[in-house]
Amino acid sequence: MADHTSATIAAPPHGVLVAPAPQPVIPASGPATATPSVPSRRTNMQTAVIVSSLCAAVFVAALDVTIITTAIPAITEFFRSPTGYQWVGSGYVLPHTASVPFWGKLSDIWGRKPIILAGALLFIAGSLLCALATSFALFLFGRAVQGLGAAGLITLVNICISDLFSLRDRGLYFGLVSIVWAVASGLGPVLGGVFTDRLTWRWCFWINLPIGSVVSVLIFFFLRLNTTKTSVREGLRSIDWAGTLLISGSVLMVLLGLDFGGNMYPWGSAVVMCLIVFGVVCGALFVMYEAKWAKFPVIPVEMFTTRSSAAAFSLCFSHGFVFIGIAYYLPLYLQAVLASTALRSGIYLLPYILAVSISAAFTGAFIQWTGKYMPSVYSGGVLLCVGVGLLVSLGPEPEWAKIIGYQIVAGAGVGFNFEGPLLAVQAVMGVEHVATVTATMGFVRTMSTAVSIVVGGVVFQNRMVDQSSSLQATLGPELAGELAGSEILAKLDVITQLPSSQQRIVRETISNSLRDMWIMYTAFAGLSLIAGLFIRAYHLNTELEVKSTPENLAEKTTPREQHQQQEDPRPQSQQQQQLQQEGEASAP
């Protein structure tokens with residue numbers, strides 16, 4: 001069985017760095033973590049059932065992210081909420097983002113299965129609230145509950161895959177998850193358009209109830225992980241409550257400040273400034289607390305101390321930022337600029353989703369076959385920069401060859417970079433920290449999606465305000481004021497009732513605002529390319545690593561190594577630092 005203190009076995013391929021013996025010391029998750037013990041051998045059928053159950057969980061969570069993109073105009077129009085376009089997305093993403101690290105901690109304490117089932121239950125409950133909502137406040141509450149549940153589902157799926165499969169095989173199964181995510185994301189806008197045009201937008205949430213129930217049953221009966229158990233009292237004591245409160249407060253305050261700015265309050269208002277400043281202060285306090293005082297940190301800062309790991313997290317952030325920006329705002333371009341229906345805009349988004357799916361599948365197979373993830377990191381960065389940069393050239397005229405081609409290039413760039421960053425960090429961390437690393441990577445990605453939706457809306461709104469004078473000259477002060485800023489997103493039906501000459505001016509104005517937004521996303525795609533240059537290539541194990549215990553650790557160490565461990569009086573952190581330096585010195 002592979003030694004958990006190293007991410008490689010003998011004789012890695014030439015030019016591939018060996019993961020150095022132990023990386024920075026990260027505190028354990030708690031007094032009794034849920035790291036799996038040595039698993040029994042599974043049949044191919046058992047593996048297929050388990051993976052299908054986990055993929056079903058990803059499907060229902062991913063479907064909910066995009067199914068509303070084509071329904072948002074109808075939802076905001078129904079509730080008469082001018083700022084609803086941003087809030088429908090942010091109301092889901094805010095709690096989702098803030099809770100991701102917490103889900104990883106809970107699964108470490110009480111086990112994977114009960115926590116992923118709790119996430120499924122919350123997701124179903126939130127969907128029911130949204131489907132029955134009679135006010136926008138109740139609808140947003142349901143979206144928040146959905147976000148909490150989806151965070152549990154997605155985080156635990158990635159953790160379970162990391163528990164079940166070796167580093168090298170994870171590339172394949174992460175690729176399968178990415179395919180399911182992309183297919184659900186592509187199917188979502190189409191279903192959302194069908195429900196909105198033919199039935200009602202409420203069916204975007206009713207559909208989650210039967211799917212979520214089936215997912216829960218599959219996971220309950222077929223997911224098998226051997227985990228240690230912790231009492232409720234002991235588990236509650238091991239949770240990093242202060243750290244969880246600080247990071248949740250920081251995320252919520254910063255994103256609320258960005259949401260409120262320019263919408264409900266001016267950017268220079270006390271409310272907006274206080275939210276952003278206090279959010280940043282809470283974030284700084286969180287880092288300080290986790291580094292100095294947290295016994296079982298929810299996000300250990302040691303994960304960010306190596307250049308490669310920091311680059312991997314940076315790539316994850318910029319990659320998620322661009323991915324959700326395209327999926328969220330390209331349907332807006334199709335509906336508001338090209339006058340497509342909700343259904344057609346969902347269909348027109350399929351080239352992007354299919355490109356993501358195919359490239360993610362290819363990447364997973366390539367990683368399992370070769371054990372290398374850096375080629376996909378480099379290729380993905382280049383294609384993403386080119387693809388998003390080409391979107392800047394889209395104008396008010398429907399140039400379908402360009403629209404389809406640009407989506408394919410950008411989608412391929414997105415798909416190539418789903419697995420690499422996570423594997424790069426997991427490769428150098430012990431198996432005890434799989435849940436923490438995976439949850440933190442999920443937190444960074446969901447944080448990027450939350451910021452992306454908000455910042456994209458802010459850029460769009462500011463550009464619309466800059467063009468308000470031309471709208472007033474064409475439409476008159478009253479109608480131009482009604483369509484000012486982001487309020488135009490909730491009143492697309494008003495545009496269709498205008499004379500053709502006025503429609504053309506309004507659609508050109510929206511197109512110009514979206515162009516500024518694509519320029520911003522191109523800059524973030526460039527950041528992902530730069531970050532990828534600093535990620536190191538590590539050889540990926542073909543054997544499943546397991547948590548070390550005194551018994552199996554003795555089996556994996558020679559008598560000489562055991563004698564050296566007993567005779568060395570230095571603290572463990574100093575011993576590990578020396579081992580890391582020796583590993584780096586011996587790397588080619």
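Things worth noting here:
- Helices (runs of 4 or more DSSP H) wholly inside the stretch 387-466 that include at least 2 residues being at pLDDT 85 or above, of a type outside the set (Lys, Arg) and within 16 Å of the chain's Cα centre (by Cα): 400-415, 434-466
- Any hit, the stretch 265-277, residues being under 20 Å from VAL455 (Cβ atoms), within 26 Å of the chain's Cα centre (by Cα), in contact (Cβ under 8 Å) with a residue 60 or more places away in the chain and part of a helix (DSSP H, G or I): no
- Only residues that are closer than 23 Å to VAL454 by Cβ, out of contact with any Lys or Arg (no Cβ under 6 Å at 6 or more places or on another chain) and at pLDDT 85 or above were counted across the stretch 337-374, and they come to 2.
- Looking across the stretch 469-486, the residues that are at pLDDT 70 or above and hydroxyl-bearing (Ser, Thr, Tyr) come down to SER469, SER470, THR474.
- Looking only at residues of the stretch 308-357 that are of a type in the set (Gly, Ala, Ser) and not in a helix (DSSP H, G or I), we find that the one that is surrounded by the fewest Cβ atoms within 10 Å (Cβ to Cβ) is ALA339.
- Within the stretch 40-74, the set of residues being aliphatic (A, V, I, L, M), part of a helix (DSSP H, G or I) and closer than 30 Å to VAL88 by Cα comprises LEU54, ALA56, ALA57, VAL58, VAL60, ALA61, ALA62, LEU63, VAL65, ILE72, ALA74.
- Lone unmet requirement of (1) touching a residue at least 40 places away in the same chain (Cβ under 8 Å); (2) surrounded by fewer than 24 Cβ atoms within 10 Å (Cβ to Cβ) for SER162: (2)
- Test for PHE79: is it under 22 Å from THR196 (Cβ atoms) and among the aromatic types (Phe, Trp, Tyr): yes
- With respect to (1) over 27 Å from THR244 (Cβ atoms); (2) free of Cβ contacts under 8 Å to residues at least 60 places away in the same chain, the lone exception for VAL88 is condition (1).
- Checked against the criterion of being at pLDDT 60 or above and in a helix (DSSP H, G or I), the candidates LEU498, LEU514 yield just one match: LEU514.
- ALA523 passes every criterion in (1) touching a Ser or Thr at 6+ places or on another chain (Cβ under 6 Å); (2) at pLDDT 80 or above; (3) of a type outside the set (Val, Ile, Thr); (4) surrounded by fewer than 23 Cβ atoms within 10 Å (Cβ to Cβ) apart from (1).
- The one condition from (1) surrounded by fewer than 24 Cβ atoms within 10 Å (Cβ to Cβ); (2) modelled with pLDDT of 80 or more that PRO82 does not meet is (2).
- Residue check for THR370: surrounded by fewer than 17 Cβ atoms within 10 Å (Cβ to Cβ), within 20 Å of ILE535 (Cβ to Cβ) and not hydrophobic (A, V, I, L, M, F, W, C): yes
- Tabulated pairs, the stretch 464-490, first within 16 Å of PRO266 (Cβ to Cβ), second modelled with pLDDT under 75 and part of a loop (DSSP other than H, G, I, E, B), C-beta under 6 angstrom, 6+ apart or interchain: SER468/ALA484; GLU487/PRO82
- All conditions in (1) in contact with an Asp or Glu (Cβ under 8 Å, 6 or more places away or on another chain); (2) closer than 18 Å to ILE179 by Cα; (3) hydroxyl-bearing (Ser, Thr, Tyr) hold for THR341, with the sole exception of (2).
- Residue-level analysis places ALA151 outside the set of residues that are touching a residue at least 12 places away in the same chain (Cβ under 8 Å), surrounded by fewer than 23 Cβ atoms within 10 Å (Cβ to Cβ), touching a helix residue (DSSP H, G or I) at 6+ places or on another chain (Cβ under 7 Å) and under 25 Å from PHE222 (Cβ atoms).
- Lone qualifier among LYS113, LYS105 - being out of contact with any strand residue (DSSP E or B) (no Cβ under 9 Å at 6 or more places or on another chain) and at pLDDT below 80: LYS105
- For the residues ALA131, ALA62, the requirement of being more than 22 Å from THR446 (Cα to Cα) and assigned by TED's automatic domain parsing to the domain that holds LEU330 singles out ALA131.
- Members of the stretch 278-313 found to be of a type in the set (D, E, K, R) and in contact (Cβ under 8 Å) with a residue 40 or more places away in the chain, listed by number: GLU290, LYS295, GLU302, ARG307
The values are calculated or read from the model by the stated rules, or taken from the named source; none is laboratory data. If you're wondering where the values come from, they're calculated on a predicted model, not measured in any experiment. Heads up, the Cβs are rebuilt from the backbone with ideal geometry, glycines too, and the neighbour counts pull from every protein chain shown.
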